[in-house]
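Worksheet for the structure shown next.
The values are calculated or read from the model by the stated rules, or taken from the named source; none is laboratory data. Remember, predicted model here, so these are calculated numbers, not experimental data. No Cβ is skipped: glycine too gets one built from the backbone with ideal geometry, and neighbour counts run over all protein chains shown.
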């Protein structure tokens, strides 16, 4: 199981700020495909991913127990 | 008569912050020569002059009643 | 440097507190940037803003920006506080304070900080206008971030 | 713009007061520069500083700098206060606040202000070191100012 945190527009689209997914091990790209198939996110392709609070690359590996955050384009400041 | 205001190093050298000079009309250059002849200022050549609180050029005219300030290189900020 | 130099808060920010964090007997210069909620953007009137953050990661990223600044401009001290939640017009959203022995680095490092905040810190802003609302994101259509970090961003409130 | 936006004072400066002067519903950005008395300059230890001003002209020149900024960066508001008299280490000598709808002009205009202060505002600083004292002036040997305004200066406290 992994936790996937959602923010901003994605949070509104999913109507929740966290989803739990049965995911053993795989790349960010693989996780992204699963998310896209289950939810109708408008911004997934331009979002960054973070694994355990650090930005991750597409080929980085997500393992069961990790907390993944989907980070749409930021707009702080 | 004109008033000549002195600041910083020049004020210490003249041991006064203002001198009165019997000066009817003439350029800044002319006034500068008079000041240099009467006082042993170390910084007169690199000083700016102001007439009535506005920077003046060497050929600007000083008239009786004016307040002239000798402005050595500034160091505010 | 204590980690409360880099904070995400929900209460109003007092600029003085942030400045005090960077004061130093050997700083001749302190610059601050105060980002506030602007009412008019072109013809569009903002009613209020709502900021959301991924708080623990946002604080880590602010700290990373501070570290990048210390590396690039030695002798600087940096403190950054960003507020989240609902903000009214003229409320302070972010304060960046940088102290340095010399003034040039204090300006450069401060501007670097706000640019980096707009690139890498997971904070999002929802604008509430008279006729609608929207989460604001990247306006430059960065489809991917091959370096693992967003490199650029735009369309923000003090752009 | 009331003329107390540009002041020479003898009492301690409260940064907050200067910032408040430039606050504006349509400012998304406020930058401040705080110039403080630095203890060490290289190996030299400053004990205290003494600032002197030609006060009425200095305030006029600060106001002129504000006008130059409004002309170059429309939509900005500027406030500058410079303190004179005897200042201890870490005391604030000058605060410059600039507000602008956008952040880039707020940084540029603020830096422009401090550079201009060091060029044209009749204020002088006497440094008191452990082993002596001296009025600080131009280190660049500008023998004359053909434009009627000093163009450059150097060797100052937050250089």
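Taken across region C:125-146, residues that are at the interface with chain A (Cβ under 10 Å from one of its Cβ atoms), part of a helix (DSSP H, G or I), in contact with a strand residue (DSSP E or B) (Cβ under 6 Å, 6 or more places away or on another chain) and at pLDDT 95 or above do not occur at all. Scanning region C:82-92 finds one or more residues that are part of a strand (DSSP E or B), touching a strand residue (DSSP E or B) at 6+ places or on another chain (Cβ under 8 Å) and more than 26 Å from residue A:6 (Cβ to Cβ). Taking the numbered list (1) out of contact with any strand residue (DSSP E or B) (no Cβ under 6 Å at 6 or more places or on another chain); (2) closer than 28 Å to residue A:46 by Cα; (3) exposed (fewer than 15 other Cβ atoms within 10 Å of the Cβ) in turn, residue C:71 passes all entries but (2). Exactly one residue among A:35, A:31 is surrounded by 20 or more Cβ atoms within 10 Å (Cβ to Cβ), without any contact (Cβ under 8 Å) to a residue 60 or more places away in the chain, over 29 Å from residue C:127 (Cβ atoms) and more than 7 Å from chain C (Cβ to nearest Cβ), and that residue is A:31. Tell me, please, whether a residue that is within 13 Å of chain A (Cβ to nearest Cβ), at pLDDT 95 or above, closer than 27 Å to residue A:10 by Cα and more than 14 Å from the chain's Cα centre (by Cα) can be found in region C:87-101. So far as region C:87-101 goes, yes, one or more of its residues are within 13 Å of chain A (Cβ to nearest Cβ), at pLDDT 95 or above, closer than 27 Å to residue A:10 by Cα and more than 14 Å from the chain's Cα centre (by Cα).
Hey, among the residues in region D:105-119 that are facing chain B (nearest Cβ under 7 Å) and without any contact (Cβ under 8 Å) to a residue 60 or more places away in the chain, which one's nearest to the chain's Cα centre (by Cα)? If we take residues in region D:105-119 being facing chain B (nearest Cβ under 7 Å) and without any contact (Cβ under 8 Å) to a residue 60 or more places away in the chain, then D:117 is nearest to the chain's Cα centre (by Cα). Of all residues in region C:100-116, exactly one satisfies the criterion of being over 18 Å from residue D:115 (Cβ atoms) and out of contact with any helix residue (DSSP H, G or I) (no Cβ under 7 Å at 6 or more places or on another chain), namely C:115.
Kindly establish whether residue D:74 is outside any helix (DSSP H, G or I) and at pLDDT below 95. Spelling it out, it is not the case that residue D:74 is outside any helix (DSSP H, G or I) and at pLDDT below 95.
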